[in-house]
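Here the structure is laid out as structure tokens; the discussion comes afterwards.
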Amino acid sequence: MIKDIAEEFAVRSSSQPFQGKITGVRSDEVRMPDGSYARRDYQTHPGSVAVLALDDQQRVLLVRQYRHPVRQRLWELPAGLLDVPGENPLHAAQRELFEEAYCKAGDWRVLVDIYTSPGGSDEALRIFLATGLSEAEGEKFDAHGEELEIETARVPLTELAELALAGELHNPTLVTGTLALRAALSGGGLGALRPADAPWPARPFTAGGA
């Protein structure tokens with residue numbers, strides 16, 4: 001059976017030379033299979049969630065905002081950090097859909113779980129599929145920073161897949177979510193997706209967490 005397994009090489013020493021507001025950098029001396037030691041520097045990250053919100057016309061809800069490290073304004077899925085310890089990822093995803101797109105959904109499922117860059121970061125990402133969309137209620141979120149200029153759009157799923165394969169879209173969460181949904185629709189269907197509260201060993205949580 002093809003399945004990732006948990007394993008940990010022995011660590012001789014570990015330090016954290018930098019800790020920012022959310023993420024940090026850890027440096028470990030790790031024992032290699034031949035007995036030697038090698039240093040591995042990587043980003044420490046609290047984890048994140050994203051929402052592929054699909055309307056009844058098979059269009060995906062997108063947001064676009066500026067991303068300074070790559071100097072581009074990227075089309076993305078609504079997404080956010082799990083920066084509250086033990087936070088229920090579904091609750092976080094629902095919050096992000098509200099804050100970034102002023103939208104709510106009637107049905108939620110887990111679309112796919114990934115490590116965003118496992119060679120250089122411990123960030124774990126859960127992408128939810130949200131359907132049964134409608135406009136949210138209550139006061140809109142008070143945006144700040146890059147979020148002040150967020151744009152939104154709804155794009156057909158088939159068009160998104162074509163744009164991703166043509167190299168026109170680069171956000172890894174959007175590309176992964178789009179292709180995962182296409183795979184689900186051509187396979188067992190949306191009913192075969194995991195429930196929204198499915199276990200997530202990479203970022204454990206409790207059902208009522210935060």
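Are any residues in the range 105-144 of a type in the set (A, V, I, L, M, F, W, C) and open to solvent by 60 Å² or more (accessible area, probe 1.4 Å), and if so, which ones?
PHE141
Tally up the residues in the range 38-60 that are surrounded by fewer than 15 Cβ atoms within 10 Å (Cβ to Cβ) and outside any strand (DSSP E or B), please.
Matching residues across the range 38-60 total 3.
Just for the range 8-17: of the residues that are open to solvent by 90 Å² or more (accessible area, probe 1.4 Å) and either among the hydroxyl-bearing types (Ser, Thr, Tyr) or without any contact (Cβ under 8 Å) to a residue 12 or more places away in the chain (or both), which one is farthest from GLY86 (Cα to Cα)?
Result: PRO17.
Kindly indicate whether LEU129 is under 22 Å from ASP56 (Cβ atoms), modelled with pLDDT of 95 or more and not in a strand (DSSP E or B).
no
State whether one or more residues within the range 145-154 are in contact with a strand residue (DSSP E or B) (Cβ under 8 Å, 6 or more places away or on another chain), touching a residue at least 40 places away in the same chain (Cβ under 8 Å), of a type in the set (Lys, Arg) and open to solvent by 80 Å² or more (accessible area, probe 1.4 Å).
Yes.
Across the range 184-210, what is the number of residues that are under 14 Å from LEU111 (Cα atoms) and open to solvent by less than 60 Å² (accessible area, probe 1.4 Å)?
Qualifying residue count, the range 184-210: 8.
Name the one entry in GLY35, GLY20, GLY24 that is open to solvent by less than 60 Å² (accessible area, probe 1.4 Å) and at positive phi.
Of GLY35, GLY20, GLY24, the one residue that is open to solvent by less than 60 Å² (accessible area, probe 1.4 Å) and at positive phi is GLY35.
Residue check, VAL63 against (1) farther than 18 Å from ILE114 by Cβ; (2) surrounded by fewer than 10 Cβ atoms within 10 Å (Cβ to Cβ), all met but one. Which one?
Here VAL63 meets the rest and fails (2).
Regarding the range 95-104, can at least one residue be identified that is touching a residue at least 60 places away in the same chain (Cβ under 8 Å) and either crowded, with 18+ Cβ neighbours inside 10 Å or part of a helix (DSSP H, G or I) (or both)?
Among the residues of the range 95-104, not one is touching a residue at least 60 places away in the same chain (Cβ under 8 Å) and either crowded, with 18+ Cβ neighbours inside 10 Å or part of a helix (DSSP H, G or I) (or both), which makes the answer no.
Whether any residue in the range 76-83 is open to solvent by 60 Å² or more (accessible area, probe 1.4 Å), without any contact (Cβ under 8 Å) to a residue 60 or more places away in the chain, part of a loop (DSSP other than H, G, I, E, B) and out of contact with any helix residue (DSSP H, G or I) (no Cβ under 8 Å at 6 or more places or on another chain) is what I want to check.
So far as the range 76-83 goes, no, none of its residues is open to solvent by 60 Å² or more (accessible area, probe 1.4 Å), without any contact (Cβ under 8 Å) to a residue 60 or more places away in the chain, part of a loop (DSSP other than H, G, I, E, B) and out of contact with any helix residue (DSSP H, G or I) (no Cβ under 8 Å at 6 or more places or on another chain).
The values are calculated or read from the model by the stated rules, or taken from the named source; none is laboratory data. Because the structure is a prediction, the values reported are computed rather than measured. No Cβ is skipped: glycine too gets one built from the backbone with ideal geometry, and neighbour counts run over all protein chains shown. SASA here: full protein model, heavy atoms, side chains in, ligands and nucleic acids out. Shrake-Rupley method; radii C 1.70, N 1.55, O 1.52, S 1.80 Å.
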